[in-house]
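See structure below.
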């Protein structure tokens, strides 16, 4: 994932903090839409939703990152490609697609918590710091976060009933 | 004492009497030789008895107009054998009254005469003046008549005769009631009849020949013994005065007293004149009465003068008061005219106000309609603005979606790598456009918000305006009613003040008439006063003269009586003497 060239990121926010995700991981951005809860899923999994006929799992990043719950509406869904499947990640706002020079990205960041492995680096742009996250890795590690007795249950159901499009 | 001596003594005593007589006593024989003249007579001729007796004829001494004529008193006395008198003028212009008494000789034949000469020059002069006084009556500019007890006219002045179209000569002797034919004639109201009966002046008003208003005053006439012999009537034409007195009733009493005094005066004067005429030259009693009467007349005349002056003063004061009243009335008139003018102007103003009020009402109605329209329009605008607000929301949402599309386009471009780089630029431009659209939509919403609030305010304002217009309408309605009431009140006031003006003008006109009448009264009174004063002055002179005459006449009469007595006694003694010697 490390590249010498300039890094293109999709910038988003949670609370006052600016985050970024490498544009390669992102399929698209959507307004928040109706989500059907899935029983037995981890608390940070909102449920499932219908994306142009494809059923995808929706995860709330706030909850996943242990940030207090969102106030008000207007959230966005960043759709992350996971091979042929995709997972929606709920954030506060998506601002823009931006290019940050590699020189402006601090890769060697030590975050003394279990999220450390998901932080790609911290970019500097116009005096603002942007935390670049590897959202694909966060999603793929969902199973690891589950207790053993829950791992089977969190298997993404491929045969879920069709949810009507809002 | 021998009888002749006694006789001589007696004769001497009688001669002494004659010497003491204060008049000329002359004895003459049949040839008019002076046989005796007393001291007074000699002194009168500036001579002495010694130079005259038996040395001159009597007609050479006295040289009167009667001497050597048939009028000579001595000649008449000797011819008729009784006393005779005649008036003569001496050569030095003295009026002499000469009385001749015949003397007889022992045989009873006329031997001569005794003549007694009195200077009556002053008496004569007074008599002339009496005649002049009669002329005063002639000068009176109103009829004056004197009648006897049978109503035969004895005297009428020339004014009276002229009024009747005749002359005094023709009228004297006729009955007064045949000449004047007044309403009182031959009735118990006849003032002359009343005066003769009551022995006091009487007055009454009546009409004469049915055209003139006259005032008759009758005064009784007395003879020397105080017996009624007739009456004097004074007739005043009061046709004009009557009208004048009606409007100045307060002055009537004064005027009447003036008239009465004048009438009384005339009566007294005439009576006096008659008395003087009847009395002749020697009536001392009549002279005294004349003198007394003159004093009364003078007093009466003074009363007339005082009365007339009072009347004049009263009339002048009244005229002054009338003038003051007139001035005040004129002021009132001026003020009334001013008030009229002001009221007229106020009336016009009130009418203008009323018209303006009606205009204002119309305007307020228009304002009300307009503000209703404004309110309605604002309501419509508000509705439109709400639609616009909805539109702006839509635009905002669309802008959001475009932004999202642009974001996704940018993501696609980035994933495309080098191939998508050009597209990324477009996506960025689209994203910026969407951002601008969103900002514009947001601004629009804010503006619309402001507009909506402004519209709401405008709506409530137009409602307030509507309310104000309604209130204004009520107020203006009241104002219009008020100004109409004012106008009608002004109209009423105008009527009242116009009446007042007319009344004041009539009052002023009436006062002017009264003033004119009073001026007439005043000038009449002044004339009366000055006439009375003149009369009083002339009467005063008259009285003084008359008194002198009376004194002189008394003296003369006494002397004459004494002389006659003496002459008779002398004649008797002479007869006795003659008888003795026979």
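Numbers for the structure displayed
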quantity: Every residue from segment A:59-108 that is in contact with a strand residue (DSSP E or B) (Cβ under 6 Å, 6 or more places away or on another chain), part of a loop (DSSP other than H, G, I, E, B) and surrounded by 17 or more Cβ atoms within 10 Å (Cβ to Cβ); calculated: A:75, A:92
quantity: Check on residue A:66, modelled with pLDDT of 90 or more and more than 14 Å from every other protein chain (Cβ to nearest Cβ); calculated: no
quantity: Candidates B:155, B:136, filtered to the one that is part of a helix (DSSP H, G or I) and under 37 Å from the mean Cα position of the chain (by Cα); calculated: B:136
quantity: Residue B:22, sole failed condition from (1) surrounded by fewer than 19 Cβ atoms within 10 Å (Cβ to Cβ); (2) over 60 Å from the mean Cα position of the chain (by Cα); (3) not in a helix (DSSP H, G or I); calculated: (2)
quantity: Test: residue in segment B:451-458 that is surrounded by fewer than 17 Cβ atoms within 10 Å (Cβ to Cβ), within 14 Å of chain A (Cβ to nearest Cβ) and within 23 Å of residue B:398 (Cβ to Cβ); calculated: no
quantity: Filter result (out of contact with any strand residue (DSSP E or B) (no Cβ under 7 Å at 6 or more places or on another chain), surrounded by fewer than 19 Cβ atoms within 10 Å (Cβ to Cβ) and within 12 Å of chain A (Cβ to nearest Cβ)) within segment B:398-418; calculated: B:400, B:401, B:405, B:412, B:415, B:416, B:417, B:418
quantity: Selection from segment B:58-81 of residues that are surrounded by fewer than 17 Cβ atoms within 10 Å (Cβ to Cβ) and in contact with a helix residue (DSSP H, G or I) (Cβ under 9 Å, 6 or more places away or on another chain); calculated: B:68, B:69, B:70
quantity: Given (1) outside any loop (DSSP other than H, G, I, E, B); (2) free of Cβ contacts under 8 Å to residues at least 60 places away in the same chain; (3) out of contact with any helix residue (DSSP H, G or I) (no Cβ under 6 Å at 6 or more places or on another chain), index of the condition residue B:165 fails; calculated: (1)
quantity: Any hit, segment B:113-120, residues being touching a residue at least 24 places away in the same chain (Cβ under 8 Å), within 60 Å of the chain's Cα centre (by Cα) and either closer than 21 Å to residue B:30 by Cα or in a helix (DSSP H, G or I) (or both); calculated: yes
quantity: So residue A:60, is it within 11 Å of another protein chain (Cβ to nearest Cβ) and without any contact (Cβ under 8 Å) to a residue 60 or more places away in the chain; calculated: no
quantity: Residue B:518 vs. criteria at pLDDT below 70 and buried (at least 19 other Cβ atoms within 10 Å of the Cβ); calculated: no
quantity: Residue match in segment B:73-81 (condition: under 20 Å from residue B:555 (Cα atoms) and touching a residue at least 24 places away in the same chain (Cβ under 8 Å)); calculated: no
quantity: Yes/no for residue B:466 being more than 14 Å from every other protein chain (Cβ to nearest Cβ), exposed (fewer than 15 other Cβ atoms within 10 Å of the Cβ) and touching a residue at least 60 places away in the same chain (Cβ under 8 Å); calculated: no
quantity: Cross-chain or 6+ apart pairs with Cβ under 9 Å, segment B:419-433 first and more than 10 Å from chain A (Cβ to nearest Cβ) and in contact (Cβ under 8 Å) with a residue 12 or more places away in the chain, then exposed (fewer than 14 other Cβ atoms within 10 Å of the Cβ) and in a helix (DSSP H, G or I); calculated: B:423/B:416
quantity: Residue match in segment B:89-98 (condition: more than 59 Å from the chain's Cα centre (by Cα), under 20 Å from residue B:25 (Cβ atoms) and modelled with pLDDT of 80 or more); calculated: no
quantity: Some residue of segment B:51-59 being touching a residue at least 60 places away in the same chain (Cβ under 8 Å) and in contact with a strand residue (DSSP E or B) (Cβ under 9 Å, 6 or more places away or on another chain); calculated: no
quantity: Residues of segment A:1-34 that turn out to be away from chain B (no Cβ under 14 Å) and touching a residue at least 24 places away in the same chain (Cβ under 8 Å), as a count; calculated: 9
quantity: Enumeration of residues in segment B:28-52 that are outside any helix (DSSP H, G or I) and touching a helix residue (DSSP H, G or I) at 6+ places or on another chain (Cβ under 9 Å); calculated: B:28, B:30, B:32, B:33, B:34, B:36, B:37, B:38, B:45, B:47, B:48
quantity: Any hit, segment B:383-397, residues being within 14 Å of chain A (Cβ to nearest Cβ) and either part of a helix (DSSP H, G or I) or crowded, with 17+ Cβ neighbours inside 10 Å (or both); calculated: yes
quantity: Odd one out for residue B:186, checked against (1) over 30 Å from residue B:72 (Cβ atoms); (2) part of a loop (DSSP other than H, G, I, E, B); (3) in contact (Cβ under 8 Å) with a residue 12 or more places away in the chain; calculated: (3)
quantity: Residue B:439 surrounded by 14 or more Cβ atoms within 10 Å (Cβ to Cβ) and more than 13 Å from chain A (Cβ to nearest Cβ); calculated: no
quantity: The listed residue being surrounded by 13 or more Cβ atoms within 10 Å (Cβ to Cβ), away from chain A (no Cβ under 14 Å) and either more than 30 Å from residue B:429 (Cα to Cα) or free of Cβ contacts under 8 Å to residues at least 60 places away in the same chain (or both), out of B:324, B:314; calculated: B:314
quantity: Criterion (under 46 Å from the mean Cα position of the chain (by Cα), in a helix (DSSP H, G or I), at pLDDT below 75 and within 28 Å of residue B:510 (Cα to Cα)) met by exactly one of B:319, B:286; calculated: B:319
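Each row is one residue, and each column tells you yes or no for (1) more than 24 Å from residue B:166 (Cβ to Cβ); (2) part of a strand (DSSP E or B); (3) at pLDDT 80 or above.
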| site | (1), (2), (3) |
| --- | --- |
| B:196 | yes, no, yes |
| B:200 | yes, no, yes |
| B:207 | no, yes, no |
| B:214 | no, yes, no |
| B:218 | no, yes, yes |
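The values are calculated or read from the model by the stated rules, or taken from the named source; none is laboratory data. These numbers come from a predicted model, not from an experiment. Neighbour counts are summed over all protein chains in view; Cβ atoms, including those assigned to glycine, are modelled from backbone coordinates with ideal geometry.
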